[in-house]
Amino acid sequence: MNLRLKGTTAIGFAACLLAVPAFADMNAAKAFLDGEIGDLSTLSRADQEAELQFFVDAATPYVGMSINVVSETIGTHTYESTVLAPAFEAITGIKVTHDLIGEGDVVEKLQTQMQSGENIYDAYINDSDLIGTHWRYQQARNLTDWMAGEGAAVTNPNIDLEDFIGLSFTTGPDGKIYQLPDQQFANLYWFRYDWFNDDINKADFKAKYGYDLGVPVNWTAYEDIAEFFTGRDLSRMGVDGDVFGNMDYGKKDPSLGWRYTDAWLSMAGAGDKGEPNGLPVDEWGIRVNEKSQPVGSCVARGGATNGPAAVYAVTKAIEWLEKYSPPAAAGMTFSEAGPIPAQGNVAQQMFWYTAFTAASIEPDLPVMNEDGTPKWRMAPSPHGAYWSEGTKIGYQDAGSWTLMKSTPVDRAQAAWLYAQFVTSKTVDVKKSHVGLTFIRESTIQHESFTERAPKLGGLIEFYRSPARVQWSPTGTNVPDYPKLAQLWWQNIGDAMSGAKTPQEALDTLCADQEKVMIRLERAGVQGDIGPVMNDESDPSFWLDQPGSPKAKLANEDETPVTIAYDELIKSWN
């Protein structure tokens, strides 16, 4: 396979784009296939041309139209904006301005469009975390009805919805699809494979802790490993400077909220069992009734946001940040902390986004071998003391295409064509090699990724494994993501800074969430699927019930368990 990953477009393709007039054109499509896609597709060349012929034909009514779409700034979307959008214009005659802005700004623009009815963007790539918002407010077009109705003529017959691995994340309780996944990445455990397999490290760890150094299955083992490596002299392995056993971030910033809404509590075991999210209590600690109506967040109403498992989760995160992480980590944001493990002095990270993979395999990094293979690996995150089999164990970001009802039909149709183009089987393998954010099963199984797998540190093995179903985005229990998400970083930040204890911070957080839900209930803006709050009861009533919220354990330190990484990979196969 010829993995043309460094460049964006071949010179011939770029020159062709300049020469193509503004009308739908199969010549431009063939130039795109020659110069950009090549054999990096799950489709044969004939099937690629057939798929692009659909876009040429379907675009005819919209030739000359200019549309505006928006996404957050990550590598996958940069590729779409700089390479795929110009290609789409050359092929279809539809000009796309694909803006790249911060994730919070995307949500703000979407929220403004919802509130004002003004068509700010013709389509959004926003996280599927908003699925509960879209389903309840009904301001986003549900794509199931769209594809059968107003969008039928512009829906790719080769879209193959069953091939999308994250479609359950974008489906509402009504069974309707509200968003189309564009990119996905999970938060996984990251560790220095070379350090863990070093004979001296293994012997010293076994002598101190009485069990084998390996991938931690639970938080007790993670903590032991963090303690073992923090301050360890690894100069014999070519490591300069201080070594740390954990990496995290703690600045009071919106990104701190993502750390916790992105399933940190579920990793501890705070939620109920269920896929893709716990029911009736989810990873945010929000309980719903049998109609999927939110009924509470605090334990007194049957929620778990301030329950013992949540307090344990926040307490452990703060403890590990203080004891085992670089001193600067407490003042870092998500984006600042992300590259730190690749600098070569961190042994492991519980919560590492696979979106950082591409930036962690650059040839000159201290975490890379000379043959292009990484010295690190990724594996499933360990779980906390309250976790049980069948409970969600991690987060998977699923940035997904969303069409608002406030967008005029013709503009939505043109934008839907672009959304399908950048997620099409023709394009997806190449796009996935650039961004490493997988959305299609067929792409994950493509032979080019079998060839590339040894250089990606376990990413391909994870996405091909049955384990991946335990990682999912925020689910439908959250009735208004934009309003509720901002409460997390402010309250967790108080715990991180020491201004409040974890219990105090979480008591405030769940009360703040309930205030928002009570306002939504009173306003009735979400109809009969909006919040309908439980009366408050003594917390012991709910803690004595089976499932979440879970009563405090007498001992939150489990017997530590590890597994050899190579054995883990074999079990997936």
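The values are calculated or read from the model by the stated rules, or taken from the named source; none is laboratory data. Please read all numbers here as calculations on a predicted model, not as lab measurements. Every residue, glycine among them, receives a Cβ derived from its backbone with ideal geometry; neighbour counts consider all protein chains shown.
Residue pairs whose Cβ atoms lie under 7 Å apart, separated by 6 or more positions or on different chains, with the first residue in the range 340-361 and at positive phi and the second surrounded by fewer than 24 Cβ atoms within 10 Å (Cβ to Cβ) and of a type outside the set (Phe, Trp, Tyr), are 344/239; 344/366; 344/367. From the residues in the range 96-105 that are surrounded by 18 or more Cβ atoms within 10 Å (Cβ to Cβ) and at pLDDT 95 or above, which one is nearest to the chain's Cα centre (by Cα)? Among those residues, the one meeting the criterion is 98.
Among residues of the range 144-173 that are not assigned by TED's automatic domain parsing to the domain that holds residue 407, none has a Cβ under 9 angstrom from a residue that is modelled with pLDDT of 95 or more at a sequence gap of 6+ or on a separate chain. Screening the candidates 283, 275 for the property of being within 18 Å of residue 478 (Cα to Cα) and touching a Gly at 6+ places or on another chain (Cβ under 7 Å) yields one hit, 283. Confirm whether residue 133 is assigned to a helix (DSSP H, G or I) and closer than 18 Å to residue 407 by Cβ. It is true that residue 133 is assigned to a helix (DSSP H, G or I) and closer than 18 Å to residue 407 by Cβ. Assessment of the range 476-489 against the conditions (part of a loop (DSSP other than H, G, I, E, B), out of contact with any Asp or Glu (no Cβ under 9 Å at 6 or more places or on another chain) and assigned by TED's automatic domain parsing to the domain that holds residue 190) yields at least one matching residue.
Annotation: of all residues in the range 338-361 being in a loop (DSSP other than H, G, I, E, B) and either in contact with a helix residue (DSSP H, G or I) (Cβ under 8 Å, 6 or more places away or on another chain) or among the β-branched types (Val, Ile, Thr) (or both), the one that is nearest to residue 239 (Cα to Cα) is 347.
Scanning the range 153-175 turns up no residue that is over 23 Å from the mean Cα position of the chain (by Cα) and among the aromatic types (Phe, Trp, Tyr). Residues in the range 138-152 that are assigned to a helix (DSSP H, G or I) and either within 21 Å of the chain's Cα centre (by Cα) or crowded, with 19+ Cβ neighbours inside 10 Å (or both): 3 in all. Name the single residue, out of those in the range 107-123 being surrounded by 13 or more Cβ atoms within 10 Å (Cβ to Cβ) and among the charged types (D, E, K, R), that is nearest to residue 413 (Cα to Cα). The residue in question is 122. Can you work out which of the residues in the range 310-337 that are in contact with an Asp or Glu (Cβ under 8 Å, 6 or more places away or on another chain) and assigned to a loop (DSSP other than H, G, I, E, B) is surrounded by the fewest Cβ atoms within 10 Å (Cβ to Cβ)? Looking at residues that are in contact with an Asp or Glu (Cβ under 8 Å, 6 or more places away or on another chain) and assigned to a loop (DSSP other than H, G, I, E, B), I get 333. Test residue 285 against the criterion of being buried (at least 19 other Cβ atoms within 10 Å of the Cβ) and assigned to a strand (DSSP E or B), and give yes or no. Judged against the criteria, residue 285 is not a match.
Yes/no matrix, rows are residues, columns are (1) crowded, with 17+ Cβ neighbours inside 10 Å; (2) closer than 30 Å to residue 555 by Cα:
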{"position": "212", "(1), (2)": "no, yes"}
{"position": "216", "(1), (2)": "yes, yes"}
{"position": "221", "(1), (2)": "yes, yes"}
{"position": "226", "(1), (2)": "yes, yes"}
{"position": "229", "(1), (2)": "yes, yes"}
{"position": "236", "(1), (2)": "no, no"}
{"position": "242", "(1), (2)": "no, no"}
{"position": "245", "(1), (2)": "yes, yes"}
{"position": "255", "(1), (2)": "yes, no"}
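Rundown of residues vs (1) closer than 30 Å to residue 167 by Cα; (2) of a type in the set (A, V, I, L, M, F, W, C); (3) touching an Asp or Glu at 6+ places or on another chain (Cβ under 8 Å), yes/no style:
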site	(1), (2), (3)
505	no, yes, yes
512	no, no, no
518	no, yes, no
527	yes, no, no
531	yes, no, yes
536	no, no, no
539	no, no, no
545	no, no, no
569	yes, yes, yes
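Taking first residues from the range 70-90 that are within 18 Å of residue 412 (Cα to Cα) and partners that are at pLDDT 95 or above and part of a loop (DSSP other than H, G, I, E, B), the Cβ contacts under 7 Å between residues at least 6 apart in sequence or on separate chains come to 70/121; 88/94.
Of the listed requirements (1) surrounded by fewer than 21 Cβ atoms within 10 Å (Cβ to Cβ); (2) in contact with a Cys (Cβ under 9 Å, 6 or more places away or on another chain); (3) within 30 Å of residue 332 (Cβ to Cβ), residue 513 misses just one: (1).
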